Amino acid sequence: MPPRRNVAGFGFLAPVFKLPANFKIRMGASPFDSFYSGTFSAQGLNIGYIRISDFLFDSSPDLETELAYMQGNTDGLIVDVMRNPGGDLCVAENYAAHFISTPFRTVGLEIRATRSWVLGFEQALQDAQDLGAPDDVIQQLQNLLQQVSDAYASPSGRTPPLPVCSSSLQVDPATDQDGNNIAYTKPIMLLTDEMTWSAAEFFAAVLQDNQRVMIFGARTVGAGGNMNDYPVTTYSFATATVTESLLSRKTPVQVDNFPTSPYIENVGVRPDVVQEYMTVDNLTNRGATFVQAFSDAVVKYINSQPPSTP
């Protein structure tokens, strides 16, 4: 077999491109840092930059430290999820709550209900009751269990969009231990490409659906669901792949070559400003053309926005 060739920068801490010459790094010098972050100046504005290389582990304390600095020291922020392999949807949802300063609707999960899903929701309800959860949470979990049970008993087996990480599709912004809102409030540009996968697409869709970002780059890969393999028969080595869930967005989108659809699967998340990184020019100059393009675009975007509330 030929040796495996990995995509450059896929899941790497540092960005695939070279940042502007005046970029001042904050995090990312150590391979053990959670994020790659810093600031640079462009046309008189101070621009923050945070690269989220994956959503495998929740590093909210580090993110909150960086966003507190960016809130006080930047005019706008670039969040980079290019070549991000995804990870945990709940980490992605939690991070999104740090960039949206008002209550928002997250992306739901349409589930092909199985007995395992029913048992999972039963356990979630039981845990909430045992831990003395509020009555409204208990009611929401009972409703979710009923919807999964109804889908399990129906021919189609599919639920409506359900919350992934809590009892409701409505999510509150991030707060500190005293209940103070700590979400970043200034303009945000999100960088995506054709190697932005799974939970990274979930993150991008949540921010786009709630009109919180301008997305710059290329469409994401379109891996918006989960699949499981099951044995075909008891004594067979054959397996069948079954799609068990599909991520369903707040608002259906219309893009070329697809019908109007709320799904991320196959469709991907589409940028507001298309700018391909995979060109000969960028590949031979470490992305200088791409970096100049997003620097100009973020300045234009910031200048077009109304002043933010501190």
Fill in: Members of segment 30-44 found to be within 25 Å of Phe55 (Cβ to Cβ) and small (Gly, Ala, Ser), listed by number
Ser30, Ser34, Ser37, Gly38
Worksheet item: Can you find a residue in segment 37-50 that is under 15 Å from the mean Cα position of the chain (by Cα), crowded, with 21+ Cβ neighbours inside 10 Å and assigned to a strand (DSSP E or B)?
Response: yes
Worksheet item: Can you name the condition, by its number, that Ala200 falls short on among (1) farther than 22 Å from Glu66 by Cα; (2) touching a Gly at 6+ places or on another chain (Cβ under 8 Å); (3) assigned to a helix (DSSP H, G or I); (4) not hydroxyl-bearing (Ser, Thr, Tyr)?
Response: (1)
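If you take the residues of segment 118-169 that are of a type in the set (D, E, K, R) and over 25 Å from Asp88 (Cα atoms), which of them is surrounded by the most Cβ atoms within 10 Å (Cβ to Cβ)?
Filtering segment 118-169 for residues that are of a type in the set (D, E, K, R) and over 25 Å from Asp88 (Cα atoms), the one surrounded by the most Cβ atoms within 10 Å (Cβ to Cβ) comes out as Asp150.
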Discussion item. Against the definition (modelled with pLDDT of 85 or more, over 16 Å from Gly108 (Cβ atoms) and either out of contact with any strand residue (DSSP E or B) (no Cβ under 7 Å at 6 or more places or on another chain) or of a type in the set (Asp, Glu) (or both)), how does Arg219 come out, yes or no?
Written reply: yes
Discussion item. What's the total number of residues in segment 51-95 that are part of a helix (DSSP H, G or I) and within 23 Å of Val164 (Cα to Cα)?
Written reply: 11
Practice prompt. Determine which single condition Glu122 fails, assuming it passes every other condition in (1) in a helix (DSSP H, G or I); (2) touching a Ser or Thr at 6+ places or on another chain (Cβ under 8 Å).
Written response: (2)
Worksheet item: For segment 209-223, how many residues are surrounded by 23 or more Cβ atoms within 10 Å (Cβ to Cβ) and either polar (S, T, N, Q) or touching a Gly at 6+ places or on another chain (Cβ under 8 Å) (or both)?
Response: 1
Practice prompt. Please work out if Pro173 is out of contact with any Lys or Arg (no Cβ under 9 Å at 6 or more places or on another chain), touching a residue at least 24 places away in the same chain (Cβ under 8 Å), within 21 Å of Cys90 (Cα to Cα) and surrounded by 13 or more Cβ atoms within 10 Å (Cβ to Cβ).
Written response: yes
Item to complete: Filter segment 1-25 for residues that are surrounded by 19 or more Cβ atoms within 10 Å (Cβ to Cβ) and more than 20 Å from Ser198 (Cα to Cα) and give the result.
Response: Phe17, Leu19
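The values are calculated or read from the model by the stated rules, or taken from the named source; none is laboratory data. Keep in mind that this is a model prediction, so the values were computed, not measured. Every residue, glycine as well, gets a Cβ built from its backbone with ideal geometry; the counts of neighbours run over all protein chains shown.
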